[in-house]
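The values are calculated or read from the model by the stated rules, or taken from the named source; none is laboratory data. Nothing here was measured: the structure is a model prediction, and the numbers come from that model. FYI the Cβ positions are ideal-geometry reconstructions off the backbone, even for glycines, and counts take in every protein chain you see. Please note that ligands, DNA and RNA were not included when accessible areas were found on the heavy atoms of the full protein model with its side chains. Shrake-Rupley method; radii C 1.70, N 1.55, O 1.52, S 1.80 Å.
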Amino acid sequence: MIAAVALGSNLSSAFGDREANLREALRRIGTLGRVAAVSSFHDTEPVGYMEQPRFLNAAALIETELGPLELLLGLLEIERQMGRDRATAPATGPRVIDLDLLLYGERVMETAELTLPHPAMHQRGFVLAPLAEIAPEMEHPVLLQSVAELLATLQ
């Protein structure tokens, strides 16, 4: 299955700067499947909580045999191993790494642990711009618009 993952970082860590964090996360994501494509890195302003450093964002396509929940749990474990504590940190606050499962093929699901497609992806330019670089024709299975079309509605 092809899954789309958003990556973001706005803090330095033991791995290095924001770019080093993204590269380390991509390396680790490779243990969950084959990283088929990676966007360029986009320097973006924070959204929501503004009193924090700028983000570096990217998107990746992953070919995986894992189911959607297994993939999400793998991504959350990578975040935890890299130093992110979702339980204590503000949801839109600074972080070493943020990994969001955006799309999993054409799967639509809503459980306590996972909503697919990601419920806010169509509203976030910092997610859509990198994803449009590598998968402009990938379709949002609920809105029935391509990533490129969704991005165009924000610009």
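Could you point to the residue in M138, F126, N21 farthest towards the positive end of region 17-147's charge dipole, with +1 and -1 charges on the Cβ of Lys/Arg and Asp/Glu respectively?
Going by the Cα projections, it comes out as N21.
Starting at 0 and stepping by 10 Å, how many percent of the alpha carbon pairs of region 29-95 end up in each bin?
With 10 Å bins starting at 0, P(r) equals 18, 40, 36, 6.
Can you pull the percent of the chain's accessible area that's carbon plus sulfur, 1.4 Å probe, other chains left in place?
So the carbon and sulfur contribution to the accessible surface is 53 percent.
Given N residues in the chain, what is Rg(Cα) / (2.2 N^0.38 Å)?
0.96
Taking only protein heavy atoms and a 1.4 Å probe, what accessible area per residue, in Å², does region 1-134 have with all protein chains in place?
48
Which of the helices in the chain meet the span-like rule: DSSP H, Cα axial reach of 18 Å or more, Kyte-Doolittle mean at least -0.5?
Result, helices passing both filters: 68-81.
Would you kindly find the accessible area of T92, with a 1.4 Å probe and non-protein molecules such as ligands, DNA and RNA excluded, rounding to the nearest 10 Å²?
About 70 Å², ignoring ligands and nucleic acids.
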